[in-house]
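> Next up is a structure, given as structure tokens.
The values are calculated or read from the model by the stated rules, or taken from the named source; none is laboratory data. No experiment lies behind these values; they were computed from the predicted model shown. Please note: Cβ atoms are built from the backbone with ideal geometry, for glycine as well, and neighbour counts cover all protein chains shown. These area figures cover heavy atoms from the full protein model, side chains too; ligands, DNA and RNA do not enter into them. Shrake-Rupley method; radii C 1.70, N 1.55, O 1.52, S 1.80 Å.
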Amino acid sequence: MPGPIFHIVLFELRKTSTEGQIAEFAAAARAMVGQVPGLISLEVGPCLPQTLQRSQGFEFGLCAMLEKVEDLPVYAKHDAHLFVLQKIDPIRNPDKFLAFDFESGIKF
């Protein structure tokens, strides 16, 4: 039986990003838990220094866990998520941004 959905976002920070902007983005992202239906958990943070050399320039990441695949469009359109997008746009390099979703528990 399929498990939860993992929504992973990786991005490179703009050189003009401030610590305050990054903190505001992270706080807004974490605050989505409890607001967005189906969002179980969300973690956000910088790449570990030990693995930065193989991160291909992606310096920051977010991993959200949702209950089921049907929750992805709800998450994408939710006002709390749209607010987070407003917070991430000034700090992320639009040319170095990746989103990847997968469903856990899939048997191959």
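> Touching a Leu at 6+ places or on another chain (Cβ under 8 Å) and in a loop (DSSP other than H, G, I, E, B): is that true of Met65 in this structure? First the steps, then the outcome.
Numbers: touching a Leu at 6+ places or on another chain (Cβ under 8 Å): yes; in a loop (DSSP other than H, G, I, E, B): no.
Taking the combined requirement at face value, the residue does not satisfy it.
> What is the residue count in the range 77-91 for residues that are in contact with a helix residue (DSSP H, G or I) (Cβ under 9 Å, 6 or more places away or on another chain) and farther than 11 Å from Ala28 by Cβ?
Result for the range 77-91: 2.
> Here's something else I'd like to know. Only one residue in Arg54, Arg92, Arg14 is open to solvent by 30 Å² or more (accessible area, probe 1.4 Å), in contact with a Leu (Cβ under 8 Å, 6 or more places away or on another chain) and of a type in the set (D, E, K, R), so which one is that? First the steps, then the outcome.
Numbers: Arg54 fails: in contact with a Leu (Cβ under 8 Å, 6 or more places away or on another chain); Arg14 fails: in contact with a Leu (Cβ under 8 Å, 6 or more places away or on another chain).
On inspection, the qualifying residue turns out to be Arg92.
> Turning to a different aspect of this structure: Please verify whether Leu52 is more than 21 Å from Pro37 (Cα to Cα) and not charged (D, E, K, R), treating the condition exactly as stated. Talk me through it step by step, then tell me what you get.
Values: more than 21 Å from Pro37 (Cα to Cα): yes; not charged (D, E, K, R): yes.
Criteria met by Leu52.
> Something else now. Hey, can you tell me all the residues within the range 3-20 that are over 23 Å from Gln56 (Cβ atoms) and either touching a residue at least 40 places away in the same chain (Cβ under 8 Å) or part of a loop (DSSP other than H, G, I, E, B) (or both)?
Start the filter on the range 3-20 by keeping residues that are over 23 Å from Gln56 (Cβ atoms), which leaves 3-5, 18-20.
Answer for the range 3-20, where residues must be over 23 Å from Gln56 (Cβ atoms) and either touching a residue at least 40 places away in the same chain (Cβ under 8 Å) or part of a loop (DSSP other than H, G, I, E, B) (or both): Gly3, Pro4, Ile5, Thr18.
> If you don't mind, there's one more thing I want to ask. Please go through the range 95-108 and give me each residue that is open to solvent by 70 Å² or more (accessible area, probe 1.4 Å), over 17 Å from Leu72 (Cβ atoms) and part of a strand (DSSP E or B), ordered by number.
Asp95, Phe97
> Would you mind telling me which numbered condition in (1) among the aliphatic types (A, V, I, L, M); (2) closer than 16 Å to Asp101 by Cβ; (3) over 12 Å from the mean Cα position of the chain (by Cα) Leu13 fails?
If we test Leu13 against (1) among the aliphatic types (A, V, I, L, M); (2) closer than 16 Å to Asp101 by Cβ; (3) over 12 Å from the mean Cα position of the chain (by Cα), just (2) comes out false.
> Does Val36 count as within 11 Å of the chain's Cα centre (by Cα) and open to solvent by less than 60 Å² (accessible area, probe 1.4 Å)? Talk me through it step by step, then tell me what you get.
Numbers: within 11 Å of the chain's Cα centre (by Cα): no; open to solvent by less than 60 Å² (accessible area, probe 1.4 Å): yes.
No.
> Check Gln35 against each of (1) over 15 Å from Asp101 (Cβ atoms); (2) touching a residue at least 60 places away in the same chain (Cβ under 8 Å); (3) not in a helix (DSSP H, G or I) and name the one condition it does not meet.
Here Gln35 meets the rest and fails (2).
> Name the single residue, out of those in the range 57-89 being within 11 Å of the chain's Cα centre (by Cα) and more than 27 Å from Gly105 (Cα to Cα), that is surrounded by the fewest Cβ atoms within 10 Å (Cβ to Cβ).
The selected residue is Leu85.
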